[in-house]
1. Name every residue in segment 32-62 that is loosely packed, with under 15 Cβ neighbours inside 10 Å and either among the hydroxyl-bearing types (Ser, Thr, Tyr) or part of a loop (DSSP other than H, G, I, E, B) (or both), in order of residue number.
2. If you take the residues in segment 91-131 that are among the polar types (S, T, N, Q) and in contact with a Ser or Thr (Cβ under 6 Å, 6 or more places away or on another chain), which one is farthest from GLY171 (Cα to Cα)?
3. Scan segment 122-142 and give yes if some residue there is part of a loop (DSSP other than H, G, I, E, B), touching a Leu at 6+ places or on another chain (Cβ under 6 Å), among the charged types (D, E, K, R) and open to solvent by 20 Å² or more (accessible area, probe 1.4 Å), otherwise no.
4. ASN238 versus (1) in a helix (DSSP H, G or I); (2) within 22 Å of ALA160 (Cα to Cα); (3) modelled with pLDDT under 90: which is the lone unmet condition?
5. Just one of (1) small (Gly, Ala, Ser); (2) in contact with an Asp or Glu (Cβ under 7 Å, 6 or more places away or on another chain); (3) at pLDDT 85 or above; (4) closer than 15 Å to ILE102 by Cβ trips up ALA21, so point out which.
6. Within segment 11-24, track down each residue that is in contact with a Ser or Thr (Cβ under 9 Å, 6 or more places away or on another chain) and either surrounded by fewer than 20 Cβ atoms within 10 Å (Cβ to Cβ) or not in a helix (DSSP H, G or I) (or both).
7. Can you name every residue in segment 79-138 that is within 19 Å of GLY63 (Cβ to Cβ) and modelled with pLDDT under 80?
8. State whether the residues of segment 63-73 include one that is touching a Phe, Trp or Tyr at 6+ places or on another chain (Cβ under 9 Å), of a type outside the set (Ser, Thr, Tyr), open to solvent by 60 Å² or more (accessible area, probe 1.4 Å) and at pLDDT below 90.
Amino acid sequence: MQEITTINNLVMSKAEAIAFACNYLIDELMALATRYDGLRDYYDIAIIGYSGDGIESLLPAEGFHSIAHLATIAPEMRDYTFICKDAIEEDCSTTYSIRPWIDAKATGATPMFEALTVVADLVERWCNEPANRQSFPPMVFNISDGEPTDATIDEMISIAERIKSSSTKDGNTLLFNIHLGANTVQRPVTFPREYNYTSECPHQNMLFRMSSILPKSLESAIEGQRAEQGPYRCVAFNASFGELMSILNIGSESVKRN
């Protein structure tokens with residue numbers, strides 16, 4: 001995650017890009033939860049970081065935070081200016097003001113199994129809370145640029161199955177696995193079809209098997225450029241920052257539909 005990438009000519013590490021994406025999404029969810037009479041408590045959010053330094057909550061405390069609670073501890077806005085091209089290919093700039101809810105961290109190993117074990121405990125407790133039983137099930141986005149360093153393929157698939165088996169009355173927890181690519185010519189693969197996916201890469205096959213099948217109710221969120229219909233797996237390989245943002249936005253799409 002320390003590898004350098006660019007977002008519209010703004011240079012940053014992959015870890016910083018992921019932090020930006022998460023911060024942007026939290027701000028968007030807070031905006032979606034805001035009504036004329038105040039903030040509606042529509043979401044619970046947890047962000048777990050894993051690296052050579054271990055497993056930790058990247059928000060101020062362990063576990064889930066309601067959107068209403070986050071509003072009470074919101075940090076000051078920070079400006080990010082991106083250079084882009086306008087309609088006649090001249091340079092222009094766009095500035096986003098977002099809150100830095102989390103900071104970028106990336107060191108050493110990739111203890112993905114341990115992190116997903118923490119996530120499994122979190123979503124199981126959340127799903128079993130009586131107040132959450134009627135809710136849309138949790139959506140877990142596992143974002144990494146490397147292979148797990150603390151488990152075998154079978155162990156990774158097993159912990160993924162445990163996460164996906166937790167459920168509310170509205171369905172099972174959805175697990176998305178997103179492998180971030182480098183600035184290379186490797187072709188990204190996002191939401192491959194369930195029936196015709198093949199890969200010679202053991203890591204890609206593992207992530208495919210770990211991932212949920214996208215529910216029919218969310219298929220329209222990704223079918224704009226699709227020649228074939230689903231079902232699709234909730235996985236991406238060699239994803240760019242733009243593709244990461246599109247996948248995370250499915251989280252807000254799910255709430256718009258419920």
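1. If the condition is that a residue be loosely packed, with under 15 Cβ neighbours inside 10 Å and either among the hydroxyl-bearing types (Ser, Thr, Tyr) or part of a loop (DSSP other than H, G, I, E, B) (or both), then THR34, TYR36, ASP37, ARG40, ASP41, GLY52, ASP53, PRO60, ALA61, GLU62 are the ones that fit.
2. In this case the residue turns out to be SER93.
3. No, the conditions are met nowhere in segment 122-142.
4. (1)
5. Unmet condition: (2).
6. Once the filter is applied, which keeps residues that are in contact with a Ser or Thr (Cβ under 9 Å, 6 or more places away or on another chain) and either surrounded by fewer than 20 Cβ atoms within 10 Å (Cβ to Cβ) or not in a helix (DSSP H, G or I) (or both), segment 11-24 yields VAL11, MET12, SER13.
7. Matches in segment 79-138: LYS105 only.
8. No, segment 63-73 contains no residue that is touching a Phe, Trp or Tyr at 6+ places or on another chain (Cβ under 9 Å), of a type outside the set (Ser, Thr, Tyr), open to solvent by 60 Å² or more (accessible area, probe 1.4 Å) and at pLDDT below 90.
The values are calculated or read from the model by the stated rules, or taken from the named source; none is laboratory data. As the structure is a prediction and not an experimental result, all values here were calculated from the model. Cβ coordinates were reconstructed from backbone atoms using ideal geometry, including for glycine residues, and neighbour counts include every protein chain displayed. Calculation scope for accessible area: heavy atoms of the full protein, side chains included, ligands and nucleic acids excluded. Shrake-Rupley method; radii C 1.70, N 1.55, O 1.52, S 1.80 Å.
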